[in-house]
Amino acid sequence: MSKIAVVYHSGYGHTKVIAETFANEIQATLIEVDQEGNIQDQDWDTLDTADAIVFGAPTYMGGVPWQFKKFADASSKRWFTRAWADKVFGGFTNSASMNGDKQVTLISLHTLASQHGGIWVSLGLAPSNTKSATRQDVNSLGGSVGLLVQSPADASVDEIPSGDLETAKQYAKRIKAITEKFIAA
């Protein structure tokens, strides 16, 4: 059985709901980057022994928030020892706008994984892009690099579009399936 860790930061709770939805779908371990940009010492051990690491962060001003960047910079100690090389990686982001430069955030998460020598898993889902498409459809935002989520600025954490939550579940299953292929080889 694969060990998957989801390390995320959430400013207002919406990204936390996505992380929980993702993790619950595949029994992954959740690691929260706190409001000071830190994780617990034992969380580093969890990441080191995980078969896959999934990064999650909101998109603020076209990128990850400083708290997640602090975590990313702290991961350089793992980079020096190549502790995360050849692990499976994936990522997700959330913002209030339909676009909001989410792609930039995903590319930064992908780059972080690549710097660690990781193997990035794309979303792998066709976009829901017909005239009849709704926000309840899977991949209604048309992501490909990773999971895109949109939570309106005035929405509570209980109002994240159901299509985005379902997309999170499907991406979680893809990450798990690919991770299990890698560890079985």
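The values are calculated or read from the model by the stated rules, or taken from the named source; none is laboratory data. A quick note: this is a predicted structure, and the numbers were derived from the prediction, not measured. When we count neighbours, we look across all protein chains shown, and the Cβ atoms used for this are built from the backbone with ideal geometry, even at glycine. Each accessible area value is taken on the protein alone, full model and side chains, heavy atoms only, with ligands, DNA and RNA left out. Shrake-Rupley method; radii C 1.70, N 1.55, O 1.52, S 1.80 Å.
What to note about this one:
- Rounded to the nearest whole Hz, the Karplus-based 3J(HN,Hα) values (6.51 cos²θ - 1.76 cosθ + 1.60, θ = phi - 60°) of segment 78-83 follow the sequence 6, 4, 4, 9, 6, 4, with x at glycine and proline.
- When each of Lys3/Lys176; Lys3/Lys102; Lys3/Lys181; Lys3/Lys69 is checked by Cα-Cα distance, pairs over 19 Å: Lys3/Lys102; Lys3/Lys69
- Estimated from helices alone, the mean residue ellipticity of the chain at 222 nm is -12500 deg cm²/dmol (sum of -39500 (n - 2.57) over DSSP H runs with n ≥ 4, per residue).
- Under-5 Å amide H pairs with Gln136, H placed in peptide plane, nonlocal only: Gly163
- Solvent-accessible heavy-atom area per residue, rounded to whole Å², over segment 55-185 at 1.4 Å: 48
- Length gained when the stretch Asp73-Ile107 is fully extended (0.36 nm per residue, less Cα-Cα span): 10.6 nm
- Rounded to the nearest 5, the antiparallel percentage of DSSP beta bridges internal to segment 1-144 is 5%.
- Isotropic mean projected area of the C-alpha convex hull, the chain (nm²): 9.8
- Each Lys and Arg adds +1 at its Cβ and each Asp and Glu adds -1 at its Cβ; summed about the Cα centre, the chain shows a dipole of about 600 debye.
- In sequence order, segment 118-128 has phi-based couplings of x, 10, 7, 9, 6, 5, x, 10, 5, x, 8 Hz under the Karplus curve 6.51 cos²θ - 1.76 cosθ + 1.60, θ = phi - 60°, and Gly or Pro positions carry x.
- Heavy-atom accessible surface of the chain: percent carbon and sulfur, 1.4 Å: 52
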